[in-house]
Structures are given as C-alpha cells and as structure tokens.
Ligand SMILES: Cc1cc2nc3c(=O)[nH]c(=O)nc-3n(C[C@H](O)[C@H](O)[C@H](O)COP(=O)(O)OP(=O)(O)OC[C@H]3O[C@@H](n4cnc5c(N)ncnc54)[C@H](O)[C@@H]3O)c2cc1C
C-alpha cells in the first residue's frame, strides 16, 4: 500500500528537544521548597519487625517526617483529605488492618477473579526480601534524609530466607505470605489435544531442561517521582512511568481514597522496558507528601535501589518433552515451567501465562500442554520486562529444537520450516487468528544476510582454540494483550487556526518513539506535513484521553487504531465544513496537501487554513473541529521474526564473541524504518546481554544482592556490542492501522537462543543455562573435555 | 549529594604537604573517581578534601638525563595513553591506560590515584609491578623512593605515611631498555570494567634464549603481585612453546587466587596459565624474537 508519511524515516518529533537537553524529565522539574524522601530497606530477606524506634531520626534537625508501617492508611479509615495519614495514625500492630494493594500495570478488571494479587503494603512490617521498604524519611535535603535513615532503630526477628524456588517449594517451608496455603502464587496453563496420545504417535521422544537467570531492565533513568497536594487537597504525582492511568488507580487504592483525588503526570521518560509498567514508588511518595501536609516531596532511586527494589525479570526453569516424527514434524510438546516471582506478586503468573500464550502461534502441534507454576521466594520482586516471559520460553524451546535437529540430523532451518504456522490459523485458546505471516521470508532474508550456507561450509573444518559457528532462532509474539485484558486507547485531535493540528494521546512514549509514529499516522490521514502535527508528549490523567499505557508492544497497533479513527473523524469534519462553505457535495471533495480539492480534477477549492479559520471565527457557523476518540481493540495480530548469529568462541578462556547478528522481523508495515531499526538494535543488544553476561546474583544464604550496580552487573557496553543488522519483511497486516503489527518487545526474544545455537554449532557443547558467561562456558568446556 | 565538610586546594607540592601536616584529617583528592565513589557509597563520611589538581608540575611525564622515565602522579590516563615518550619506550603502560574505564574516566582519573587507591585491579599496577617502578613519596619533613612491590600492603592499603603525597613514579632504564612487553586485561566487558585478571609481561632476549622475564599480575591475589618462581626459571631457557608453557604453569604458583562470586579459583588459575603464555608470546615478538607457533 502506498503511503506518503507512513513508511518514511521522518525525524523523531522529540529529537531536537532531546539532543539539546530541552526535553524535561521528572528530575528537571522543581517545586519550591521541595523535600527529599528516602527509604529504609530491610537488610534481611525474611524477617519480622519486633520493634521500630524512629524517635532519634525524628529528632534530627531537618527531618520533617518519618513513616513506618504504623503510619499507613487502615482499611476503610481514610475518607477525607487533607491530613488523612494523621487521621488514621494509631499504633495498631496488626499488619492485616492496613491496606494491601497490587502493583502490576494491568488495566483494572471488573471481574474480581481477574484482578492482580493484592499482597503488598506501602511499608512492610514483615520484610520479604533484602531491600523491602521498611520505613521512610522526609527531610529538607538528601544528606539529612540519609543520616536519619541510619538513626532508625529496628529490631528484627530473622526468619529462614528462601532464596530459590526449590527452597520455597519444600514441604514445610516457612510461608512468605501468611494465610496462603503454600509459597505457590499461582499455577495453571493450558492443554491442547491429548499429549499422551501424541507422544504415542511420535517416532521419537526428546527431553531437555533449560534455565534462565534473573536480569534487570537497567533503563537509563532510575525511578523518579515527586508528589504534592494541590490547592484542593488532591494528590499530584509527577513520575517517570509507562502507565499514568494505572499509577493513579493504584495510588488511590493503596491510600483508600477516591480515584479522582489523584492526578498523575508523565513527562519525558528515560526508558522503562516494563519496569515502569509497575507501581513502585508512587504510593509511598503520596504517603510522604500527606505526612508533611501536602508539601512537595521527591523520591529519586539510586541505581543500586532501582536494580533490586523495583522489579526484575522472572527466572524460569523449564522441562520440555517433545514427540516428533522422523521427518521433523512436531507432534506433541509438553512444557513445564517454574517461574520465580520473588517476594511479591507484581505481574505474577501473568508472565508465565504470556510466555505460553505467545509461544503457541509459532509451531502449532497436534498436542501442546503447558504447566507453569509461579513461586514466591525471598528475592527481589520480578515483574514485567520486555518480552514478558517470551525470552525465557523461546530460549528454552529454540535450544531444545536445535538439540533435536542435531540428534535427528535434520538441518535446523528445515526442521523449523516443517512446523511453522500458516496464515488462517486460529489459536484454539485465545481464538486469535494469524492474519499475516512472513516468517519463511524472514528466514530467507536472514540466511542471505549472514551468508549461512557459505559460512557453514567454511566452518566444517576448523582447528585451533578459536572456533566459529552459526545459529538461529525464531519467535512469535502478539500486538497487545487481547483477549486476556482490555485494550482501550484514546486519541484527541484539535484543528488549529493555521491548519495545523494538536494530537493528544493517552499512550505514552517512554523513548521508543510512539509520539512520532502517531504523528505520522495523523499526517498521513490529513495530508499534513509533519511540522503541522503537534504531538503533546506529556500525559496527564486530568487531561489526556484514557489509554492503559505503554506495554505489551501494543501502542502502534492498538493506540494507532484510535489515532487513525480520530484523524479520520477530523478529516470528515473538515470536508463537511468545507462542503457547507462551498455547497459542493461532500463526496466530491478531498483533503490533499492542506487543500480542499475536487476529487475528479484535483483542482483546489479552498485551503485547509481557510476552513480552519472559518471553523473558529465564522459568526454563524463557527465550531472548532476536534475529535475525541476511544477505541476498544478486540483483536490481535501476531508478529514473527528470527535472529541469525555468528560467534567465535575462545575455547581456552570461555569467551564468546558475537561476530555478526541479524534480526529479521515480520511486523507488518514499518511506520518509521529508521526508528524501527533503532528499536530492533536496542532489543538485540538487550538480548546479547541476556545471552552472555547479565545476571543479578544473590547470596544463597542471606538473599542479599551481590552485584546490584552497573560495575558488577555486566550490562554490555557499546564496545561489547557488534554491529546489529536489521531487516524487515513488510507484509500488510489486514487488522492493523496502516497494516502494522507490533515491534516493541520482539527484538529481545531470540538473540539468546540464536547465540546459544551458534555456540553449539562451533563447539558441540549445549549450554542450557543463561547466561553463557566465561566462567560457565569454561566449566562447560571442562566437563565436555575441551579443556 | 556528597558529604563534604571542607575543601582546599594547593598549587605547589610544598603547599600541599604543609596543609597536610597542619590538618591530618585532610583527604587527598586527585581525579576523584575513587574518592567520590566511596563517599557516594557511604564508606567515607564527613570528608575534608585537599585537591592536588592545581599542582601543574605533578602532571608531567618526562625522561630524566639518566634515562629514568618520570611520570607525575597527576598525569591522567588520557595523558599517559597519548604520551610520546611512553608510547616509544614503555608501550605496556599506554596499553594499560587505554584499557581503563571509558573516555570520560580516563580524562580525569590519574595514575597516582590509581596506585594510591590500593586496588589489586588497578590497571596501571600490574605493568608498574613488571617494570619495577619506584614511587616518590614526599612529606613536609622527608622524601623517599619506595619500590612499588613494597607499597601495596593489602586490599586498599598502601604504604603512604600520614602527611605523605605520591609525587612521581620512576622507571629506570635498566628495567625497560631492550625489553618487549604485553599487557592483557581480561575482563567481562571491553570497556567500563574491572579486570578479572590482568597480566603484564616484559621480557628481554639473548639470541634464542630468555635473558630476563618479569610478570606482573593483577586480581590474582589481594594485591598486585609478581610471579617470581616463573621469573627465576626463565633466564637461559630456549624461547620455545615448551618453555613458555612451563612459565605459564609456574606463574600459577605465585597467584593467590580464590573463589568468589566473580570467578572460581580453578578458572582464575586456568586464566593465569593461559594468559601469561599469550602475553609472553607477544612480548617475545615485541622484544625482537620470532613468533612462536
Ligand atoms: C566508571 C569508573 C570506571 C573505572 N574503571 C577503572 C578501570 O578500568 N581500571 C582501573 O584501574 N580503575 C578504574 N576505576 C577506578 C579509578 O578511576 C582509578 O583507580 C583512578 O586511577 C583513580 O584516580 P583518581 O585520580 O580519580 O583518584 P582519586 O579518587 O582522586 O584518589 C584515589 C585515592 O588515592 C589517594 N590519592 C590520590 N592521589 C594521590 C597522591 N598523589 N598521593 C597520595 N594519595 C593520593 C586519594 O586520597 C584516594 O584515597 C574506575 C572508576 C570509575 C568511576
């Protein structure tokens, strides 16, 4: 399909603002006399507070307030503002009387059984991981606040720390959350077909075990927010978030106040990758301002805090059993998974659910059984992170399939081709339909880019201690969460006097560039140049249209539908207005290049500016042209893609170098190729870190993080990142606005298995545990007798 | 926010030593890339700083008349890397310098701060060990030259006496002339990382035999160290794959590797053996020998 603005690499709408430093992030805003809030974190992974004495901290000059679990809103108590915290402050010791809330960035559900688990207090009386927020100080500056934290005297009763899922699942293990039957947060997946029958029918059965690690988002901007009460006593929170509407709701729930009493503002955001699809600091920030009579209080997490006290990626342990025929046709697959969610539910079992759900589309089999369980442990809380369970499950399955191909002596690409989904496939669980699929073409492109056949032949005979190999891995994903959750998006357009428009969206740009692609969509529909489309980047829950936020790779697809609808409505109104001005039937005219033209000849009738001026100032007809749209997307589109990787392995040191890597995506129409390329490169670099070096480590006994800083946590630098090749197979997706499918998270999914498979190709050694860092690889080679 | 309660600057070494003598609580700050990190982490509090950054003479790198290379303690790693004298006569030091941190850090971090910080991972240290560097320590009362091997006392502990400032690092001609060397920083990342193992090797050949080999290791023990057993073995041995392998093995005996969450003892010792051989093989070529295959 031919578009004028969609499909072009127009400059990002925020490019100049960002490179000149004019773009304001949360930390760039100041309120007069802003106070500083700091958090006291538990040094123990599992402990009950026996007593807590804040008197010395309170007495320190410059300290304005000290909060503990005793100062939190009690259930049904908080009815009026301001001064609410004071009103409910008493010394009831029972933690259960305090409001518990869930933090996940999911839309609210009217069905109580579908809501997020509410297992968290703003401040804990029982610490459940090293880092759990125990108390908080509000002071006039950071140093005083830090000193005050040291003056808080806490007496703990230390309990056994359950630092692994094995320990948490053991018979008689202490309960991390009292009142639950066990440390299992949730379990349950799905079963398609009869798995036992399928195994019986299969020529071969293969089994394998795979394990992924806990990693962290490491977004550039740490969690930062500030909160105050406005003139009417409402709580205003400016915060670096992906989900302003959900933050508003969760803060209100956590405080037990009406939702309308909270206002959340999202300025520019320095990355989130899912970690800001969660409500981490805002409820405490709100409590802090209430504790000081509504004065502004700022919280700015340090990197160390951000790495352990917000969210991480769930570590998974998989067992896979596969029935397959001699020719490589998959018959039945049974996957069991144990997901480690850490101390609180956060996104909880949704991650395991999403992993299985999105995996289903790639290789439909006669029988597929998925049995995940999600387990609480005394480790930092796992939540949403780019790919939402898929980097885990595709690492496991694409490794497994590679091993099977090797054992059956089938070409790894052929075995995949034999099993790919076809257009028209309807997923039996979600009922989502595959309406476009170019995975085969993606593979052709990737093979050519990396020179697969040539290099495969070349690397057959290798000697010395540096060996090269090639690997690949495929994925499927989704565009949003439908039908699991609500997919509501809003857009609002106002036509200005000069014929330019303002676009307001509820969807949030957190760095990925959604503001720009929405601007392109509006420019496309209205025939405007990009500089006539003014995109408001800030979301404000008082002002912006409703949208559930930035996650699930949903915005270009789902919010794009709302934007397209809003633009079409404005176009219709413009033409209608022009028709009323000229008395030309509306079906005879069109809007092209900022002009109203005759359809048949292209001859100009009016300029858009003339229409706009009339719409504001005509003494009789004036009625500014606007649209305010909400779209409930009850549909989904399945993107596909593949990673090809070439590695060189130093057998003696265990170092793996990625020489070349290509990601080829089937994401429908690419709205902005340059930005899409950047999105893919960022995602692939994240995948390379996941494959080779990143892992949050914990002391097995105490549960304390060993490397929650950017020196010891081996996030790759640009020097460790090879040139990342990006290609697209653009196949118009019939259900998407302008033919799009999602691209946000997918680039992160398959670099790890592709690299793992390339290492297998080079060395003959299967690494079934991430990351493949030099220490692990050394051990693997030793075991394999290579060293 | 940093917990700094006082700050002063000196413009000459004698001014600095006088200020230090007056106020023993003063903490020296050079580039600040270690001191400020410690303050940020709360390891040191309520600090009174004395900055050396205005003492221009301390940033010089020169060759004395007798051939001794003199590196001012305030020379930054960028300066060390770009210095024509060092590039010519002691390239292993410039290699060490460029392997350190990232451009911003190299522009501010000093070689003196690197040494005085006392870390086993200091990127300049293993090379300075291999080069038999001597440190000039100056106080208001005295001045002394200390061999770098005697300077490191333990993790983060160095032989600076109260009131002393490191002013210069000396490398005498006998220790570099006729030597070829190689520095290998083995780290988990190619930038912004601390070595898992640092190996610095210098060697001098006599025809087809080794005349002298010196091996400095970083992160192979609580302080940087030398592999004396291997060094004693080398002189007179044929320059061959076999003797290089033996030197690699013997080097492990000097390492004091232990298992931590960063790496196992087994792996560290394996790396010492492997990387000493790799560094020595390149050093041989740099010393005018033939490449071993
Ligand atoms: C991001 C980052 C990356 C880093 N990467 C590396 C790396 O790759 N390799 C590496 O080795 N290090 C690295 N470091 C550590 C640090 O940069 C170096 O150790 C640096 O050389 C310290 O020098 P400085 O001038 O900043 O010292 P400062 O921090 O100013 O001082 C360090 C210590 O030495 C004392 N001191 C300084 N100068 C003198 C003097 N003339 N006489 C007596 N005492 C003195 C100070 O009192 C202090 O105790 C890194 C640090 C950071 C922040």
- Message: Checking the structure you have, find out if any residue of region B:158-165 is within 14 Å of another protein chain (Cβ to nearest Cβ), near the ligand (Cβ under 10 Å from one of its atoms) and touching a helix residue (DSSP H, G or I) at 6+ places or on another chain (Cβ under 8 Å).
- Response: no
- Query: Among the residues of region B:28-40, which ones are within 14 Å of another protein chain (Cβ to nearest Cβ) and in a loop (DSSP other than H, G, I, E, B)?
  - Reply: B:33, B:34
- Message: I'd like the full set of residues that are touching a strand residue (DSSP E or B) at 6+ places or on another chain (Cβ under 7 Å), in a loop (DSSP other than H, G, I, E, B) and over 21 Å from residue A:36 (Cβ atoms), limited to region A:133-169.
- Response: A:159, A:163
- Members of region B:170-216 found to be within 16 Å of the ligand (Cβ to nearest atom) and either away from chain A (no Cβ under 14 Å) or assigned to a strand (DSSP E or B) (or both), listed by number: B:170, B:183, B:184, B:185, B:186, B:197, B:198, B:199, B:200, B:216
- Item | Residues located in region B:41-58, provided they are within 11 Å of the ligand (Cβ to nearest atom), more than 14 Å from chain A (Cβ to nearest Cβ) and not in a strand (DSSP E or B) | B:52, B:53, B:55, B:58
- Filter result (surrounded by fewer than 20 Cβ atoms within 10 Å (Cβ to Cβ), within 14 Å of chain B (Cβ to nearest Cβ) and in contact (Cβ under 8 Å) with a residue 40 or more places away in the chain) within region A:94-143: A:140, A:141, A:142
- Task: Please tell me if residue B:119 is within 14 Å of the ligand (Cβ to nearest atom) and within 14 Å of another protein chain (Cβ to nearest Cβ).
- Result: yes
- Considering each of A:692, A:706, A:696 in turn, give the residue that is within 14 Å of chain B (Cβ to nearest Cβ) and buried (at least 23 other Cβ atoms within 10 Å of the Cβ). A:692
- Message: Testing residue B:4 on (1) within 14 Å of chain A (Cβ to nearest Cβ); (2) surrounded by 15 or more Cβ atoms within 10 Å (Cβ to Cβ); (3) closer than 30 Å to residue A:139 by Cα; (4) within 9 Å of the ligand (Cβ to nearest atom), one condition comes back false. Which one is that?
- Response: (4)
- Message: If I go through region B:256-283 residue by residue, how many of them are more than 9 Å from every other protein chain (Cβ to nearest Cβ) and touching a strand residue (DSSP E or B) at 6+ places or on another chain (Cβ under 6 Å)?
- Response: 5
- Of the listed residues (A:574, A:589, A:625), the one being surrounded by 14 or more Cβ atoms within 10 Å (Cβ to Cβ) and farther than 15 Å from residue A:528 by Cβ is A:589
- Query: In region B:73-110, which residue that is within 7 Å of the ligand (Cβ to nearest atom) and under 19 Å from residue B:200 (Cα atoms) is surrounded by the most Cβ atoms within 10 Å (Cβ to Cβ)?
  - Reply: B:77
- Query: Does residue B:146 qualify as being surrounded by fewer than 24 Cβ atoms within 10 Å (Cβ to Cβ), within 22 Å of residue B:200 (Cα to Cα) and more than 9 Å from the ligand (Cβ to nearest atom)?
  - Reply: yes
- Task: Take residue B:131 and decide whether it is buried (at least 23 other Cβ atoms within 10 Å of the Cβ), modelled with pLDDT of 95 or more and touching a helix residue (DSSP H, G or I) at 6+ places or on another chain (Cβ under 7 Å).
- Result: yes
- Message: Here's a check for you: in region A:744-775, which residue that is out of contact with any strand residue (DSSP E or B) (no Cβ under 7 Å at 6 or more places or on another chain) and within 14 Å of another protein chain (Cβ to nearest Cβ) is nearest to residue A:508 (Cα to Cα)?
- Response: A:771
- In region A:424-439, the residues that are touching a strand residue (DSSP E or B) at 6+ places or on another chain (Cβ under 9 Å) and loosely packed, with under 15 Cβ neighbours inside 10 Å: A:424, A:426, A:428
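The values are calculated or read from the model by the stated rules, or taken from the named source; none is laboratory data. These numbers were taken from a predicted model, which means no experiment stands behind them. So basically every Cβ, Gly included, is an ideal-geometry build from the backbone, and we count neighbours across all protein chains shown.
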